[in-house]
Every structure is written in structure tokens, then in C-alpha cells.
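Working notes for the structure below.
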């Protein structure tokens, strides 16, 4: 059980991202974009890397809504297990440099251990992430039109099964009102009740 929570803030220093040479022509989530973005970030994080969280945001512009506009992943430094780092992708700029994050703890800072807050990168299965993406769109399509997939994210913790969260918007077919929809999925990509 956690004794404290923490916030990771970006620090000012950066190191080069090892996958900078990767083409960033775009990641289309409706095709193989989710699998490719995780494959590309593996060059930096590595399969053995320890992850705190990741987040994927999607384009909102009509005709581009399946394109990943932003992706970030926070991971434990390989050289210092007390430090957290972030690498991100933006559809306009490509991959960022690795950036160190400052950890701020709410609660008893002396009881904080980053090892309790991370889980192996291998815990994330891009096939499951794609399944969640497709499932969320299909489910919302039953009651809504003009659907926008805003974000898909997960927070990982040591010894705890991963839980994915989605945020979508859509216009209700029943009355034409735009609404927001939040859902959670288990480690196998099955919808959980909120």
C-alpha cells in the first residue's frame, strides 16, 4: 500500500533521445500506429525499462482523428534508480530529447521509494492498447456520432495490474448534445465498470 503520492515535474536539462533518427511521418492508431510508436520508444526505454506512466493524445481535426498527436512515457533512469525521466513525441516535431523529471511527494517524502511506483515496460502490450482503442470507439459509436478519441493512458505501479483509462467526446444520437466519456479497462483490455 502506498504511503504517499507524487508528482513528476519536468526539469530543465535534457539528453538526446536515441530514436531521434526514426521517421516521424505519423502514427495512425486505426492502422499500426500504436504498435509502431511503442516499438520506436522501446529503443530508448528498452524492454527491461521500468515505467511510471504513459499517455497518448489524438488529433481532433476532422479527417485526422486517428492520428497520434502526442505521446509521452515516464520511466526510471537506468543510471540512477531514484530518478524519473520522460521522452515524448509530438506530431509536428517528432521525438523529444530525454528529459529528467523532478519528483514532488505529497505526504511523507521520507517514505517514498520510486521502485514502488514503476513496473516493467513489458507490462504494456501494444496489442491490448490497440484493442482498447478500437473497443472504446466501437462502444461509443452505439450511442454517439462525431466521436473524438481524446486520450488513452495508464499509470503503472509495482505489483499492481495495469489499468488503462480513456477519454472520448461524442454527440449523443438521442438528442444531439455533445458529451464527455471516461472509461477504464483492465490489463486484458476488458471494459471495467466505473
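The values are calculated or read from the model by the stated rules, or taken from the named source; none is laboratory data. Quantities reported herein were computed from a predicted structural model and do not represent experimental measurements. Neighbour counts run over all protein chains shown; Cβ positions are idealised from the backbone, glycine included.
Say whether the condition of being under 22 Å from residue 56 (Cβ atoms) and either in contact with a helix residue (DSSP H, G or I) (Cβ under 8 Å, 6 or more places away or on another chain) or free of Cβ contacts under 8 Å to residues at least 24 places away in the same chain (or both) is met by at least one residue in the range 107-118. No, that holds for no residue.
All of 37, 73, 103 fail the test of being closer than 15 Å to residue 154 by Cβ, in contact with a strand residue (DSSP E or B) (Cβ under 9 Å, 6 or more places away or on another chain) and either part of a strand (DSSP E or B) or without any contact (Cβ under 8 Å) to a residue 12 or more places away in the chain (or both), apart from 73. Against the test of being farther than 24 Å from residue 165 by Cβ and either surrounded by 19 or more Cβ atoms within 10 Å (Cβ to Cβ) or modelled with pLDDT of 95 or more (or both), the options 38, 17, 54 yield a single qualifying residue, 17.
Scanning the range 46-57 for residues that are assigned to a strand (DSSP E or B) and touching a helix residue (DSSP H, G or I) at 6+ places or on another chain (Cβ under 9 Å) gives 50, 51, 52, 54, 56. With respect to residue 55, is the statement that it is without any contact (Cβ under 8 Å) to a residue 40 or more places away in the chain and under 12 Å from the mean Cα position of the chain (by Cα) true? Against the criterion (without any contact (Cβ under 8 Å) to a residue 40 or more places away in the chain and under 12 Å from the mean Cα position of the chain (by Cα)), residue 55 does not qualify.
Among the residues of this structure, residue 155 does not count as one that is free of Cβ contacts under 8 Å to residues at least 60 places away in the same chain and either touching a strand residue (DSSP E or B) at 6+ places or on another chain (Cβ under 7 Å) or surrounded by 15 or more Cβ atoms within 10 Å (Cβ to Cβ) (or both). Residues that are surrounded by 19 or more Cβ atoms within 10 Å (Cβ to Cβ), closer than 25 Å to residue 189 by Cα, touching a strand residue (DSSP E or B) at 6+ places or on another chain (Cβ under 9 Å) and modelled with pLDDT of 95 or more do occur in the range 88-99, at least one of them.
Condition check ((1) crowded, with 17+ Cβ neighbours inside 10 Å; (2) part of a loop (DSSP other than H, G, I, E, B); (3) over 18 Å from the mean Cα position of the chain (by Cα)) across all residues:
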| residue | (1), (2), (3) |
| --- | --- |
| 132 | yes, no, no |
| 139 | no, no, yes |
| 148 | yes, no, no |
| 165 | yes, no, no |
| 171 | no, no, yes |
| 174 | no, yes, yes |
| 184 | no, no, no |
